[in-house]
1. Could you list, ordered by first residue, the pairs with Cβ atoms under 8 Å in which the first is in region 330-356 and closer than 11 Å to Ile414 by Cα and of a type in the set (S, T, N, Q) and the second is assigned to a helix (DSSP H, G or I) and open to solvent by 30 Å² or more (accessible area, probe 1.4 Å), at least 6 apart or interchain?
2. What number of residues within region 373-410 satisfy the criterion of being at pLDDT 80 or above and in contact with a helix residue (DSSP H, G or I) (Cβ under 8 Å, 6 or more places away or on another chain)?
3. Please work out which one of (1) in a helix (DSSP H, G or I); (2) under 27 Å from Val319 (Cα atoms) is the condition Ser22 fails and give its number.
4. Being open to solvent by 90 Å² or more (accessible area, probe 1.4 Å), charged (D, E, K, R) and more than 17 Å from Asp164 (Cβ to Cβ), is that true of even one residue in region 187-199?
5. If I filter region 399-411 down to residues being touching a residue at least 12 places away in the same chain (Cβ under 8 Å) and not acidic (Asp, Glu), which single residue comes out as farthest from Met301 (Cα to Cα)?
6. So how many residues does region 303-330 have that are farther than 24 Å from Glu94 by Cβ and either assigned to a loop (DSSP other than H, G, I, E, B) or open to solvent by 40 Å² or more (accessible area, probe 1.4 Å) (or both)?
7. Given the options Asp333, Asp339, Asp400, name the one that is part of a helix (DSSP H, G or I), under 20 Å from the mean Cα position of the chain (by Cα) and under 21 Å from Val90 (Cα atoms).
8. In the set Gly43, Gly47, which member is at positive phi, in contact with a Lys or Arg (Cβ under 8 Å, 6 or more places away or on another chain) and not hydroxyl-bearing (Ser, Thr, Tyr)?
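The values are calculated or read from the model by the stated rules, or taken from the named source; none is laboratory data. Every value quoted in this text rests on a predicted model; they were computed, and no experiment measured them. Cβ: placed from backbone, ideal geometry, glycine included. Neighbour counts: every protein chain shown. What goes into the accessible areas is simple: the full protein's heavy atoms, side chains included, and nothing from ligands, DNA or RNA. Shrake-Rupley method; radii C 1.70, N 1.55, O 1.52, S 1.80 Å.
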Amino acid sequence: MNIAREDRAGRTAEIKVTVGESDYGEAVDKTLREYKRKANIPGFRPGMVPMGIINKMYRKGVVAEEAYKAASKAAFDYIEQEKIEYVGDVLPSENQQELDVENNTDHEFIFEIGLAPDVEMELTQKDKVTRYVIKPDDKIREAYRSNFLRRFGKLVDMDEVVSDEALEVTLDNGEMNIADAYVGLISMEEDKRKPFIGKKKGDTIQVDINELYPTPSQRASILQLKEEELEGIDPKFDLTITRIRKFAEPELNEEFFKEAFPAGEVADAKAFDAYIDGKIAEDMARESAYIVNFEVRKLLMDKAALEMPEEFLRRWLFVINEGKFDMAQIDADFPSFLDMMRWNLIQKYFAQKYDIKLTEEEAVEEAKTMARLQFAQYGMSDMADDMLTNYAHQILSNKDEARKVQERLFEKKIIDTVLPLIKVTEKKVTVEEFNTAAQEIVIQ
């Protein structure tokens, strides 16, 4: 067996492996004996087919297959022994010649690899990113406060329509009478809500259902019909208000605090304001950290300036997807794919340089954090630790979800390692200023 490496243009290399009969002959004989044992050919008892016939029928194909297996294994062993860093996978070269199994016993196989670029960088205080400290305003505080309180609010009866109340109405057009229809003003645009303002229980106005509700599904819902039943119905109705209700936030009293904070951590209005400020600070810090991470990633990507074997990777993507995507489709997503591969190489560099590893305990804690955020979206912000732990293990039991957790945690550890090595400047901004800055950073 002979193995040679030849570096080529475009950051690729060919691994040429020449195998002889001594490399694959034993495997060929073993396979053919197995064929003989299983062969079912008319005129011969099972297992009694002459080897000459077996050779004539199968030998060429078996030689080609076993020779390739031997060459392929040798190529991978060579790459490992020589510590060749590559991206993508090992592919048969386009320069591969057809085998002449009939006349030759030595066969050359050519494999192609995309060479991974070397990652080398030194970080100093000249490398800078900005950490935005977001200053919450009264508008943000009120939005957080209202969002929290709405989870414990209720509908109360009102005497008059003021803005966005919920109405129970009767609809009558002479042909149809619907006694318990619902009209939610909160979901309506201001111009459509305007005729209702100032109306009281018992008042009647004329409405055009087609104008009030733009989609067939909405009209069918209020008229309590199927969409296909709408055709031919007179859309003009007399609408009589039978009940006016408005969503009211709860009073900040003892009953509310016991319901909202059963552990007793918040028991008065002052503590509630502090709780809301804390939640705002958590969310703002998370938003700011996301942008810092994005900036660090961009800094490292620009500093590394990794040149990738692009043409090889395009071909590799086409081959592994087995024709599911044409080259135009591959090219459409190729820039983001290259960035992903570059970032993976940079992370690997820092992981090796600073001996960064993941532990099972860290993965569980990261999954718990993800679970906590998911529950918080549904207003469940005070989940017991044992429940979060159980949910975290459920997440990690799913291979795809576990991979996402590990990738997220690994990137976080890389960022945490890099931040002390560079200059991080804090800048106080309003929410609007942060949103503008974040958009500019992400678009760059």
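1. Gln347/Phe410; Gln347/Glu411
2. 14
3. Among (1) in a helix (DSSP H, G or I); (2) under 27 Å from Val319 (Cα atoms), Ser22 violates only (2).
4. Scanning region 187-199, I find no residue that is open to solvent by 90 Å² or more (accessible area, probe 1.4 Å), charged (D, E, K, R) and more than 17 Å from Asp164 (Cβ to Cβ), so the answer is no.
5. Ala402
6. Matching residues across region 303-330 total 3.
7. Answer to the check: Asp339.
8. Gly47
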